[in-house]
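One structure below.
The values are calculated or read from the model by the stated rules, or taken from the named source; none is laboratory data. Everything numeric in this text was worked out from a predicted model, so none of it was measured. We place every Cβ from the backbone using ideal geometry, glycine too, and count neighbours over all the protein chains shown.
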Ligand code: UDP
Ligand code: MG
């Protein structure tokens, strides 16, 4: 019978307040699924320290010393949530059969891990953890998130509704993910593009166990915008359409102005000139800015910079068998 080696990847950025509790809960869940015979005994929890400035790494080392189920990877600096996820996933895939990614703050339900594994055993290559409700999020976060998913759908981007980065991927799926050459990976958009048999597990998202969010509004907006422009040229097309419509409008306005002049009703018109100058100017700036976004993307992609750099890997450094 297939008993996969499971890797549970946990990105951590300044998570010293929650790390011990997270390790305790994950260990309990892992030991349970091992005892049930669902996953292999050499499965592990991998904490990825994303350049934390607090004692996160020290704690990871302590957890590692206390349990053979725990190991860690330290990135050389802060690469961001997606970078940390990729580092964990691509490192663990070398020895694991499937990998689950989960946030460090216990917002995702650790009990759902068992369900993710069961769905994988039933044949799913990718299993998405999906929030049943968003009651623990603020009204603002909820409404903006909902609007965002709708917008992305309209732009033809296949996002799983209310799914963040809590998911299981088989080694097979991760290997295909490695084939995506882009550096700026927006996993929520890319993973559904992999295809394969996939499944969904519902869970209730909880409050953060301790510590503050590492995603303030500014970062959230950058993340959302990045997701949009990484996957779609619809925004750029939208600008061309608006540009074209405004051109048509200005033709009509021009014709109108000419008629007025021929009829001798000139003199007026200052307001309309000012307004059109502003509108056109605004549209131009909007278009140029948006085009700049895409050029910026090309700029970053052509650099081929790595999405993460590993400073030390406890598994490779000989700590672990
Ligand atoms: N995180 C990370 N690097 C960062 C920011 C966040 O590894 O630069 C991790 C963080 O430790 C957590 C997860 O990403 O495990 C999600 O972050 P957070 O809970 O702060 O986001 P929220 O749930 O508020 O959207
Ligand atoms: Mg969180």
Residues 177, 168: which one is more than 16 Å from ligand 2 (Cβ to nearest atom), in a strand (DSSP E or B) and closer than 30 Å to residue 5 by Cα?
168
Which residues, taken from the range 92-108, are in contact with a strand residue (DSSP E or B) (Cβ under 6 Å, 6 or more places away or on another chain) and at pLDDT 90 or above?
92, 96, 98, 99, 100, 101, 102, 104
In the range 141-165, anything exposed (fewer than 14 other Cβ atoms within 10 Å of the Cβ) and touching a residue at least 60 places away in the same chain (Cβ under 8 Å) is listed as 154, 156
The residue from 209, 223 that alone is within 16 Å of ligand 2 (Cβ to nearest atom), in a helix (DSSP H, G or I) and in contact with a helix residue (DSSP H, G or I) (Cβ under 9 Å, 6 or more places away or on another chain) is 223
Kindly state which helices (runs of 4 or more DSSP H) lie completely within the range 1-120 and contain at least 1 residues that are surrounded by fewer than 22 Cβ atoms within 10 Å (Cβ to Cβ), more than 22 Å from the chain's Cα centre (by Cα) and without any contact (Cβ under 8 Å) to a residue 40 or more places away in the chain.
16-35, 56-66
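Looking only at residues that are in contact (Cβ under 8 Å) with a residue 60 or more places away in the chain and assigned to a helix (DSSP H, G or I) in the range 226-238, which one is farthest from ligand 1 (Cβ to nearest atom)?
The initial filter retains those residues of the range 226-238 that are in contact (Cβ under 8 Å) with a residue 60 or more places away in the chain, namely 227-235.
Applying the additional criterion that residues be assigned to a helix (DSSP H, G or I) yields 227-231, 234-235.
Details: 227: 14, 228: 17, 229: 20, 230: 18, 231: 20, 234: 25, 235: 24 Å.
Among residues in the range 226-238 that are in contact (Cβ under 8 Å) with a residue 60 or more places away in the chain and assigned to a helix (DSSP H, G or I), the one farthest from ligand 1 (Cβ to nearest atom) is 234.
Taking residue 84 as the residue in question, decide whether it is more than 12 Å from residue 7 (Cβ to Cβ) and out of contact with any strand residue (DSSP E or B) (no Cβ under 8 Å at 6 or more places or on another chain).
Numbers: more than 12 Å from residue 7 (Cβ to Cβ): yes; out of contact with any strand residue (DSSP E or B) (no Cβ under 8 Å at 6 or more places or on another chain): no.
Here the answer is no, as residue 84 does not meet what is asked.
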Members of the range 195-209 that are crowded, with 17+ Cβ neighbours inside 10 Å, more than 16 Å from ligand 1 (Cβ to nearest atom) and over 14 Å from residue 159 (Cβ atoms)
199, 201
